[in-house]
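Take a look at the structure set out below.
The values are calculated or read from the model by the stated rules, or taken from the named source; none is laboratory data. Bear in mind the structure is a predicted one, so any value in this text is a computation, not a measurement. We place every Cβ from the backbone using ideal geometry, glycine too, and count neighbours over all the protein chains shown.
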Amino acid sequence: MNRAPHLFLVGFMGAGKSTVARLVAHRLGRPYVDLDALIEQRAASPVAAIFEERGEEAFRDLESEALDSVESMAPAVVACGGGVVLRADNRSTLKRLGSVVYLEVTAGEALARIGDTQSRPLLSGPGGTLAATSLLSAREALYRSVADMTIETGGRTPEDVAREVVAFMESGR
Ligand code: S3P
């Protein structure tokens, strides 16, 4: 099977999507695109401020627009925000525009990797652990529903995970 143009990395906050996507883009000689950065650029505002000032639905609208804008770009490796799979339209767009790799992480490891949750509005309130656990369990099936491949990232380095993504892309499976 020929790989569809883009490669999207999806998964929960703290799964390592941005770090791994940067490494994979470098190895495949493709541009790296960070969907959150694209949203911030288009909105001229940080993600946390968008949530605070305009609310989550407005952020999701911007996220869908940013995802749609990827269609006109050269084949890239795209790190998606953890909530990109929430909307059915986004899930169709991901499948239509490319291959999707799901980076799996537990809620505990995600929080440990994130450290300071100030930039993650959905986790920054009190009860971050509970929020992470319930958000992740609500989303797990959605991540799986779009994934062409799933990689467990627990206890692994980003380099190791990136190698597996590259091998998948080169395997033509
Ligand atoms: C979100 C994940 C964040 C960012 C926003 C919402 C989510 O991206 O898009 O805070 O709903 O899971 P990362 O997954 O890159 O942290």
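Before moving on, here are some points about what is shown:
- Of all residue pairs spaced 6 or more apart or on separate chains, none has beta-carbon atoms under 6 Å together with a first member in the stretch 107-122 that is acidic (Asp, Glu) and a second member that is surrounded by 18 or more Cβ atoms within 10 Å (Cβ to Cβ).
- Number of the condition not met by Gln41 [criteria: (1) within 12 Å of the ligand (Cβ to nearest atom); (2) farther than 28 Å from Gly154 by Cα]: (1)
- Helices (runs of 4 or more DSSP H) lying entirely in the stretch 52-169 (those with 1 or more residues that are within 16 Å of the chain's Cα centre (by Cα), of a type in the set (Lys, Arg) and modelled with pLDDT of 95 or more): 56-69, 88-97, 128-146
- Close pairs from the stretch 28-44: first within 18 Å of Ala74 (Cα to Cα) and among the aromatic types (Phe, Trp, Tyr), partner in a strand (DSSP E or B) and within 11 Å of the ligand (Cβ to nearest atom), Cβ under 8 Å, at least 6 apart: Tyr32/Ala79
Quick grid of which residues meet (1) within 19 Å of Arg163 (Cα to Cα); (2) among the polar types (S, T, N, Q):
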residue: Lys17; (1), (2): yes, no
residue: Leu23; (1), (2): yes, no
residue: Asp36; (1), (2): no, no
residue: Phe59; (1), (2): no, no
residue: Val85; (1), (2): no, no
residue: Lys95; (1), (2): no, no
residue: Ser99; (1), (2): yes, yes
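- Subset of the stretch 37-69 [touching a Ser or Thr at 6+ places or on another chain (Cβ under 6 Å) and over 27 Å from Lys95 (Cα atoms)]: Ala48
- Test: residue in the stretch 43-50 that is under 24 Å from Ser145 (Cα atoms) and either at pLDDT 95 or above or not aromatic (Phe, Trp, Tyr) (or both): no
- Whichever residue in the stretch 7-38 is assigned to a loop (DSSP other than H, G, I, E, B) and in contact with a strand residue (DSSP E or B) (Cβ under 7 Å, 6 or more places away or on another chain) and, among such residues, is farthest from the ligand (Cβ to nearest atom): Arg30
- When residues of the stretch 49-89 are limited to those that are touching a strand residue (DSSP E or B) at 6+ places or on another chain (Cβ under 7 Å) and under 26 Å from Ala131 (Cα atoms), the one farthest from the ligand (Cβ to nearest atom): Val78
Yes/no per residue for (1) of a type in the set (Val, Ile, Thr); (2) surrounded by fewer than 21 Cβ atoms within 10 Å (Cβ to Cβ):
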site: Phe12; (1), (2): no, no
site: Thr19; (1), (2): yes, yes
site: Pro31; (1), (2): no, yes
site: Leu35; (1), (2): no, no
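- Which listed residue, of Ser92, Ser99, is of a type in the set (Gly, Ala, Ser), surrounded by 15 or more Cβ atoms within 10 Å (Cβ to Cβ), within 21 Å of Val33 (Cβ to Cβ) and away from the ligand (no atom under 15 Å from the Cβ): Ser99
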